[in-house]
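Just so it is clear, none of the values below were taken in a lab; they were calculated from the coordinates. As the structure is a computational prediction, the values presented were derived from the model and not from experiment. Positions of Cβ are backbone-derived with ideal geometry, glycine not excepted, and every protein chain shown enters the neighbour counts.
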Amino acid sequence: MIFPDEMRPHFEPLLSDFHQIGSAGILVAGGYGLFLKQNWLLSQPDRPVIVPVNQWYDNAPRVTKDLDLVVGLDLIAGEGTQKEMLKVLRQNGFEVCPRNPRWKFIKALSETRSLIVELHAQVPDETITGVQADKFRIKHKPSLGDDGVHARTNPEAVGSALHPFTFDVQGMTVQVPNPITWLIMKLTAAEERWQKSQSPQQDEDTRAFSRVQALKHAQDACRVVAMVTREENDLVPEVIAKLQGTVEFKKASVIVRESFISADQWASQGVSEKWSPESFALIRDTLGRWFGPVT
């Protein structure tokens, strides 16, 4: 296991170097993004959020070894920025993972422990030039071969360019996705894991592991909501207006309705004990308001 504080000496220099390339185009998502935002809020005790960190029953950062970065399509389209990103990864000790070439990078800490950086990007539309995409990856057009990087195709990163939230942690500038995009990613991951945990085609160990992962992502979704600042909340209606017609938003709406809204649904049952009744009711009400009925 690798705790977030152990990752700092490896990930924070990498992030600082990345921000020299294109700070407006690299967002920190996943568990490490939640950890950084939580730490920032602890240093801002008077900043209004939906559920203050000191009111959480469980505010211990979760264990993770991954750094999930959502990369702007303009960085993938730029030959120069592509090469700079690869250079930064290598300078910080991260090498291409052979099984996931050019969007997954690994840094070995020992024979049994390693850190992982994954690059993700939203699906490009027809207005985006300089990139080519399939269902697995997005890369520069024409291909740069071993001189560039790819991004994993992530439909749930839809809207990632809309109003990312920026803050500073110990002198480092961090950007995270807007809460709606972040929730779409987390809700979808939770539901996919939950469905796998219920599949009779999976063995017992796989189902048990998938259940743990589903609850982890469901709790992450709750933390995304809890940490929404007043500034982010003011922009949520605009983000929803732009995304509510997408397949990804509609799917997230169904997940909220079928997994979170009622006390007897799997997500509510699995994570409610980590919050006070008042806090969890506020989180569920917020999810219901943001991802209300979509036809």
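Here are a few things to note about the model shown:
- About its Cα centre, segment 1-110 has a charge dipole of approximately 280 debye under the convention of +1 per Lys or Arg Cβ and -1 per Asp or Glu Cβ, with nothing else charged.
- Axial C-alpha extent at least 27 Å, average Kyte-Doolittle at least -1.0 - helices from the chain (DSSP): 204-226
- Cα gyration tensor shape for segment 242-290, rounded if a/c is under 1.5, else prolate or oblate: prolate
- Counting neighbouring beta carbons within 10 Å and listing from fewest to most, the residues T81, T206 come out as T206, T81.
- Bridgeable lysines around K37 (alpha carbons under 18 Å apart, same-chain partners fewer than 8 residues away excluded): K65, K186, K216.
- Counting only DSSP H runs of at least 4 residues, each contributing -39500 (n - 2.57), and dividing by the residue count of the chain, the helix-based mean residue ellipticity at 222 nm comes to -15000 deg cm²/dmol.
- Listed from fewest to most Cβ neighbours within 10 Å, the set E126, E118 follows the order E126, E118.
- Overall form of segment 128-263 per C-alpha gyration tensor (a/c, 1.5; a/b vs b/c): oblate
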